[in-house]
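The structure appears right after this line, and notes come after that.
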Amino acid sequence: MTNGQEKWIVEDGTIVGESTAGRYGYLTTEKTYGNFALRVKFKPETDGNSGVFTRSRITGNSPQTGPDIEGMQIEVDPTRKTGSIYESGHRGWVALGTPACEQAIRPRRVE
């Protein structure tokens with residue numbers, strides 16, 4: 001299920017998201033899961049704040065920024081804190097990633 005103005009497609013077995021500048025959007029499921037192992041690969045085409053939310057829920061919709069969400073997010077941002085865990089809607093940063101995490105995604109070079 002899509003939440004927000006992002007566009008989501010599946011291309012050769014890969015989920016591709018196209019963001020809308022200045023607004024949040026989320027691809028969600030209506031299913032509830034118990035314990036699970038999650039493995040993802042990211043290939044951001046621009047700098048920007050992204051991530052994967054787990055055990056989260058949409059709580060509303062802001063006209064200025066898009067859907068509101070509460071839950072744990074694994075940060076994916078080529079400029080800072082990749083691999084860190086952020087609790088959206090409550091505590092803020094819960095755990096910071098290692099220095100190796102900071103190198104996992106590099107900012108895209110403009111040619």
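The values are calculated or read from the model by the stated rules, or taken from the named source; none is laboratory data. Note that the structure is predicted; figures quoted are calculated from it, not measured. In this analysis, Cβ positions are derived from the backbone assuming ideal geometry, glycine residues included, and neighbour counts consider all displayed protein chains. SASA here: full protein model, heavy atoms, side chains in, ligands and nucleic acids out. Shrake-Rupley method; radii C 1.70, N 1.55, O 1.52, S 1.80 Å.
Take the conditions over 20 Å from Gln5 (Cβ atoms) and in a loop (DSSP other than H, G, I, E, B) and apply them to Ile105. Does it pass? Even if it seems obvious, please write down each step before you answer.
Numbers: over 20 Å from Gln5 (Cβ atoms): yes; in a loop (DSSP other than H, G, I, E, B): yes.
Yes, satisfied.
Restricting to the range 34-57, name every residue that is touching a strand residue (DSSP E or B) at 6+ places or on another chain (Cβ under 8 Å) and open to solvent by less than 60 Å² (accessible area, probe 1.4 Å).
Listed by number, the residues that qualify are Pro44, Ser50, Gly51, Val52, Phe53, Thr54, Ser56.
Could you list, in sequence order, the residues of the range 69-86 that are at negative phi, open to solvent by less than 30 Å² (accessible area, probe 1.4 Å) and in a strand (DSSP E or B)?
Scanning the range 69-86 gives Ile69, Gln73, Glu75, Val76.
Residue-wise test of (1) over 18 Å from Glu87 (Cα atoms); (2) of a type in the set (Lys, Arg); (3) part of a strand (DSSP E or B); (4) in contact with a His (Cβ under 8 Å, 6 or more places away or on another chain).
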position: Gln5; (1), (2), (3), (4): yes, no, no, no
position: Thr20; (1), (2), (3), (4): yes, no, no, no
position: Arg23; (1), (2), (3), (4): yes, yes, no, no
position: Gly34; (1), (2), (3), (4): yes, no, no, no
position: Arg39; (1), (2), (3), (4): yes, yes, no, no
position: Thr46; (1), (2), (3), (4): yes, no, no, no
position: Phe53; (1), (2), (3), (4): no, no, yes, no
position: Ser56; (1), (2), (3), (4): no, no, yes, no
position: Gln64; (1), (2), (3), (4): yes, no, no, no
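Exactly one condition in (1) exposed (fewer than 11 other Cβ atoms within 10 Å of the Cβ); (2) part of a strand (DSSP E or B) is not met by Val16; state its number.
(1)
Could we say that Val94 is within 12 Å of the chain's Cα centre (by Cα) and either assigned to a loop (DSSP other than H, G, I, E, B) or modelled with pLDDT of 85 or more (or both) here?
Answer is no for this residue.
When Ala21 is evaluated against the numbered criteria (1) at pLDDT 85 or above; (2) small (Gly, Ala, Ser); (3) open to solvent by 50 Å² or more (accessible area, probe 1.4 Å), which criterion, by number, is the only one it fails?
The failed condition is (1).
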